[in-house]
Amino acid sequence: VISADGQWVAFVSPSNNLLSPAIDAGGNDNVYLYEVATGSITLVSHADGALTTPASGDSPTISGDGRYVAYASTTLAPDIYRHD
C-alpha cells in the first residue's frame, strides 16, 4: 500500500535479504516500510524492543503521511498493531 503523499510504501514479504544485515524471517511474511526518497527499508513487524527480530505480519495499511503502519500479526498476540 502507498501513502497518500506517495513517499512511503508498506508491503509484505517472506524475504530474508531486504535488510542489512540479513534477518532470518523463518519463511514467514513480515511487514516492511519503504521510503521512496532514500530507498531505505524498515522492518515494521518486529518483536517488542527488538527492531531486527521479525514477528510475522500481514494486511498492512498506512496513514496518509506514512507515519503510521497498522498490520495484523499471529506471531505476536493475535491482534492489530500500529507502528510509528
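List pairs: first in the stretch 22-45 and under 15 Å from I62 (Cβ atoms), second assigned to a loop (DSSP other than H, G, I, E, B) and small (G, A, S), Cβ under 7 Å, 6+ apart or cross-chain?
The qualifying pairs are V31/S45; V31/G57; V36/G6; V44/G57; S45/A55; S45/S56; S45/G57.
Quick one: S73 ticks every box in (1) at pLDDT 90 or above; (2) in contact with a Phe, Trp or Tyr (Cβ under 6 Å, 6 or more places away or on another chain) except a single one, so which number is it?
Going through (1) at pLDDT 90 or above; (2) in contact with a Phe, Trp or Tyr (Cβ under 6 Å, 6 or more places away or on another chain) one by one, S73 breaks only (1).
Condition test on G49, is it under 23 Å from L76 (Cα atoms) and without any contact (Cβ under 8 Å) to a residue 12 or more places away in the chain?
Working: under 23 Å from L76 (Cα atoms): yes; without any contact (Cβ under 8 Å) to a residue 12 or more places away in the chain: yes.
When the stated conditions are applied, G49 passes them.
Find the residue count for the stretch 19-40, including only residues that are farther than 16 Å from A55 by Cα and not aromatic (F, W, Y). Give the steps one after another, and end with the answer.
Within the stretch 19-40, the first condition is being farther than 16 Å from A55 by Cα, and the residues that meet it are 20-21, 34-40.
Now drop any that are not not aromatic (F, W, Y), which leaves 20-21, 35-40.
Residues in the stretch 19-40 being farther than 16 Å from A55 by Cα and not aromatic (F, W, Y): 8 in total.
Consider L19 carefully, then state whether it is within 10 Å of the chain's Cα centre (by Cα), surrounded by 17 or more Cβ atoms within 10 Å (Cβ to Cβ) and aliphatic (A, V, I, L, M).
Details: within 10 Å of the chain's Cα centre (by Cα): no; surrounded by 17 or more Cβ atoms within 10 Å (Cβ to Cβ): yes; aliphatic (A, V, I, L, M): yes.
So L19 fails the test.
If you take just the strands (runs of 3 or more DSSP E) that sit entirely in the stretch 19-84, which of them hold at least 1 residues that are touching a helix residue (DSSP H, G or I) at 6+ places or on another chain (Cβ under 6 Å)?
Of the strands (runs of 3 or more DSSP E) lying wholly inside the stretch 19-84, none has at least 1 residues that are touching a helix residue (DSSP H, G or I) at 6+ places or on another chain (Cβ under 6 Å).
Could you pull out the residue among T42, T74, T52, T38 that is surrounded by fewer than 16 Cβ atoms within 10 Å (Cβ to Cβ), in contact with a strand residue (DSSP E or B) (Cβ under 7 Å, 6 or more places away or on another chain) and not small (G, A, S)? Step through it out loud before you land on a result.
Values: T42 fails: surrounded by fewer than 16 Cβ atoms within 10 Å (Cβ to Cβ); T74 fails: in contact with a strand residue (DSSP E or B) (Cβ under 7 Å, 6 or more places away or on another chain); T38 fails: in contact with a strand residue (DSSP E or B) (Cβ under 7 Å, 6 or more places away or on another chain).
Going through T42, T74, T52, T38 in turn, the sole match is T52.
Anything in the stretch 1-16 that is open to solvent by less than 80 Å² (accessible area, probe 1.4 Å) and either free of Cβ contacts under 8 Å to residues at least 24 places away in the same chain or small (G, A, S) (or both)? List them, or say none.
Selection gives S3, G6, A10, S13, P14, S15, N16.
The values are calculated or read from the model by the stated rules, or taken from the named source; none is laboratory data. Owing to the predicted nature of the structure, the values given are computational and were not obtained by experimental measurement. Heads up, the Cβs are rebuilt from the backbone with ideal geometry, glycines too, and the neighbour counts pull from every protein chain shown. When the accessible area is computed, the model is the full protein with side chains, heavy atoms only, and any ligands, DNA or RNA have been set aside. Shrake-Rupley method; radii C 1.70, N 1.55, O 1.52, S 1.80 Å.
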